[in-house]
Amino acid sequence: MDNAPDRTPHVVVVGGGISGLAAAHRLLAAGVRVTVLEGSAVLGGKLLSGEIEGAPVDLGAESMLARRPEGLELARAVGLGDRIQAPAAANAALWTRGALRPMPKGHVMGVPARPDTLHDVLSAEGLARVARDRDLPATEVGEDIGVGEFVARRVGREVVDRLVEPLLGGVYAGDAYRISMRAAVPQLFEAARTHGSLLDGVRDIQAKAAAQQRGGPVFAGLDGGMGTLPLAVADAVRAQGGEIRTETPVLGLTRTADGWRVRTDSGLIDADGVILSIPAWSAATLLADASRAAAAELAEVEYASMALVTLAFRRADLAGLEERSGFLVPPVDGRTIKASTFSTHKWSWVKERGQDLFVLRTSIGRYGDERHLDWDDADLVDVSLGDLGDAVGLAAKPVATTVNRWIGGLPQYPVGHLAKVARIRAAVAELPGLRVCGAVYDGVGIPACVASARRAADEIIATSTPARNTQWDAGQ
């Protein structure tokens, strides 16, 4: 390996999902030479574009949080700024207690500011329980607490089961009673530490958001689908001189005197630095020798799996379908699907490019309830159609269907997750020139993944090289 002082540092990014690609994009902007290694044939991870009956659709994540800047900034940086699109319909419903009910307004991840917004969703007993919040003594949250546990203590289990659970499930496919409030809903955790009443805490969160003028749509998509984002980032990486190799799984990782040696099935690659942007179990395997502490922590991270069922109908057959973005389903109602998105209503680009088609999709599978994922595709389609028939009276037959299984797709954030992440990062920080990023660490949404990638890249750039003890910057 050439150790000349003026040699451009070389970083290998393991993983070609949005986090890995964003890290590569950041490194290249600082003048670092980059090689991205992706084990599969496709870039983008859970951001995947496809077609159904000739119409373009997203077969993975379909939107990103618009009130966090990182995802939108990346889209603009790679030339997709004019394709950012707000949902055409954002009036989601809850399918609960035997009917579609409008999603209550004025809540923070399902936690209300006022009981009178919940009449359509909760029973009389549930409403009375919410009203007791201000009469209860303050609830101690300690270093962390489960979202469901805390909310149930303050305003009752009905709020958790019929509001918080389906909303959190849409993000994490997890169990609200296990999910860390500090990690998943940090603003609620801070409010819990400073307010005796949960309702007052939610009002304070909303007042602060209003003072900061956080208006506009909560979510955004891209004309053509979110799956176009990683492909555009990959094109930008290549345009800046980065190398991207697909179908190149990494089999081993070894420290050397100069940095790192990455072993693939096609040979060895020497690098000054490495960023691991891969699932926790894969990172644990690669770090088993270099850092037993980090590997042990990573091996404990649990994941949820899910399936997305995309269905295309003749638009005329669904002419009477209510103009809404879709609906969520609380697990307590005992249905198989956990949500349905009416894509043709929700996204203008789907409607425009779908011609005479109506596209909708359902999601199936939660943490601890993944038995349906072993079913045949046809069975998943049939159960989706059955639930849709019960929910909205759908009787039409689809003209095309496709099923995508995301096995181990969503890392779980149980109580104590942030402490685990801190331990992983502390252990990894002892390895010169190596960092980790992705959905495991700072949030599962696209902006959080991009922020995680930026952090890893910036830390790599800021550290000294193992062999030369010199700073990496754009001038080297």
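The values are calculated or read from the model by the stated rules, or taken from the named source; none is laboratory data. Small disclaimer: the values here were computed from a predicted structure and weren't measured. Neighbour counts are summed over all protein chains in view; Cβ atoms, including those assigned to glycine, are modelled from backbone coordinates with ideal geometry. Accessible surface areas use protein heavy atoms only, side chains included; no ligands, DNA or RNA. Shrake-Rupley method; radii C 1.70, N 1.55, O 1.52, S 1.80 Å.
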Legend entry - With Cα atoms, 0 to 90° folded angle of helix 446-462 axis to the chain main axis: 20 degrees
Legend entry - the chain - percent relative contact order, Cα under 8 Å, separation 6 or more: 25 percent
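I'm a student and want to see the number: the projected area of the Cα convex hull of the chain, averaged over all directions, in nm².
Details: hull surface 91.0 nm².
Value for the chain: 22.7 nm².
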Inset, instruction - Convert each backbone phi in region 30-37 into a coupling constant with the Karplus relation 6.51 cos²θ - 1.76 cosθ + 1.60 (shift: θ = phi - 60°), then list the ³J(HN,Hα) values in order as whole Hz, x for Gly and Pro. - result: 8, x, 8, 7, 10, 10, 9, 10
Inset, instruction - When a/c is below 1.5 the answer is rounded, else prolate if a/b is larger than b/c, else oblate, so apply that to region 267-312 with a ≥ b ≥ c taken from the square roots of the Cα gyration tensor eigenvalues. - result: oblate
Inset, instruction - Pull up the DSSP beta bridges for region 1-93 and report the antiparallel fraction as a percent, rounded to 5. - result: 40 percent
Inset, instruction - Pick out, from Ala173, Leu276, Val121, the residue whose Cα sits farthest towards the positive end of the charge dipole of the chain, with +1 on the Cβ of Lys and Arg and -1 on the Cβ of Asp and Glu. - result: Val121
Legend entry - region 228-386 - Rg over Rh from alpha carbon coordinates, Kirkwood radius: 1.11
Legend entry - Surface/4 of the Cα convex hull for region 3-85, nm²: 7.4 nm²
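Nearest 500 deg cm²/dmol is fine: what mean residue ellipticity at 222 nm does the chain get from its DSSP H runs of n ≥ 4 alone, each adding -39,500 (n - 2.57), divided by its residue count?
So the calculated ellipticity at 222 nm is -9500 deg cm²/dmol.
Identify the trypsin sites (Lys or Arg not before Pro) of region 1-102 meeting these criteria: DSSP loop state and at most 16 other C-beta atoms within 10 Å of the C-beta. Before the final figure, lay out the partial values.
Values: sites: Arg7, Arg26, Arg33, Lys46, Arg67, Arg76, Arg83, Arg97; in loops: Arg7, Lys46, Arg67, Arg97.
Counting only loop positions with at most 16 other Cβ atoms within 10 Å, the trypsin sites (Lys or Arg not before Pro) in region 1-102 are Arg7, Arg67, Arg97.
What are the equivalent ellipsoid semi-axes of region 370-414, built from the alpha-carbon gyration tensor (square roots of five times its eigenvalues), in whole angstrom, biggest first? Please list the in-between numbers first.
Values: eigenvalues 121, 37, 18 Å².
One finds semi-axes of 25, 14, 10 Å for region 370-414.
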Legend entry - Long-range HN-HN contacts of Leu410 with modeled amide H, under 5 Å: Ala304
Inset, instruction - Hey, can you grab everything whose amide H is under 5 Å from the amide H of Gly60? Only 5+ residues off in sequence or another chain; H modelled, so Pro and N-termini drop out. - result: Leu48
Inset, instruction - Give the long-range amide H neighbours of Val13: residues separated by 5 or more places, or on another chain, with amide H under 5 Å away, using H modelled in the peptide plane at 1.01 Å from N. - result: Thr35, Val36, Leu37, Ile275
Legend entry - Spatial extent of region 161-219: Rg and Dmax, with the Cα atoms as the point set, Å: 12.7, 32
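How do Tyr303, Tyr413 stack up against each other in accessible area, from largest to smallest, with a 1.4 angstrom probe?
Details: Tyr303 40, Tyr413 5 Å².
My answer, sorted largest first, is Tyr303, Tyr413.
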Inset, instruction - Give me the angle, in degrees from 0 to 90, between the Cα long axis of helix 198-211 and the longest principal axis of the Cα atoms of the chain, rounded to the nearest 10. - result: 60 degrees
Inset, instruction - Kindly identify region 71-190 as rounded, prolate or oblate by the Cα gyration tensor criterion: order the square roots of the eigenvalues as a ≥ b ≥ c, call it rounded if a/c is under 1.5, otherwise compare a/b with b/c, prolate if a/b is larger, else oblate. - result: oblate
Legend entry - Using θ = phi - 60° and Karplus 6.51 cos²θ - 1.76 cosθ + 1.60, couplings along region 331-344 (whole Hz; Gly, Pro as x): x, 4, 7, x, 8, 7, 6, 9, 5, 9, 10, 8, 4, 5
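Would you mind checking the pairs Lys338/Lys397; Lys105/Lys397; Lys208/Lys351; Lys346/Lys420 and listing those with alpha carbons more than 29 angstrom apart? Could you put the intermediate results ahead of the total?
Working: Lys338/Lys397 21 Å; Lys105/Lys397 34 Å; Lys208/Lys351 36 Å; Lys346/Lys420 37 Å.
Result: Lys105/Lys397; Lys208/Lys351; Lys346/Lys420 exceed 29 Å.
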Inset, instruction - Enumerate by residue number the GluC sites (Glu not before Pro) in region 263-313 meeting two conditions: DSSP loop (anything except H, G, I, E, B), and at most 15 other Cβ atoms within 10 Å of the site's Cβ. - result: Glu300
Legend entry - Simple label model, 7 Å out from Cα along Cβ direction - Asp356 to Ala422, nm: 6.1 nm
Inset, instruction - Take the eigenvalues of the Cα gyration tensor for region 303-430, scale each by 5, and report the square roots as semi-axes in whole Å, largest first. - result: 34, 17, 13
Inset, instruction - Determine the relative contact order of region 1-142: mean sequence separation of Cα pairs under 8 Å and six or more apart, normalised by residue count, in whole percent. - result: 11 percent
Legend entry - ³J(HN,Hα), Karplus 6.51/-1.76/1.60, whole Hz, each residue of region 72-81, x for Gly, Pro: 5, 4, 5, 4, 5, 5, 9, x, 9, x
Inset, instruction - Using only Cα atoms, tell me the angle between helix 18-29 and the longest principal axis of the chain; keep it within 0 to 90° and round to the nearest 10. - result: 40 degrees
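From the Cα gyration tensor of region 324-390, with a ≥ b ≥ c the square roots of its eigenvalues, which class applies: rounded if a/c is under 1.5, or else prolate if a/b is larger than b/c, or else oblate?
On the way: a/c = 2.40, a/b = 1.78, b/c = 1.35.
Note, shape of region 324-390 comes out prolate.
With a 1.4 Å probe and every protein chain kept in, tell me what percent of the accessible surface of the chain is carbon plus sulfur. Write out the running numbers ahead of the final one.
Details: 9420 of 19320 Å².
The value for the chain is 49 percent carbon and sulfur by accessible area.
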Legend entry - Debye intensity ratio in log₁₀ form over the Cα atoms of region 6-158, taken at each q of 0.12, 0.20 Å⁻¹: -0.84, -1.23
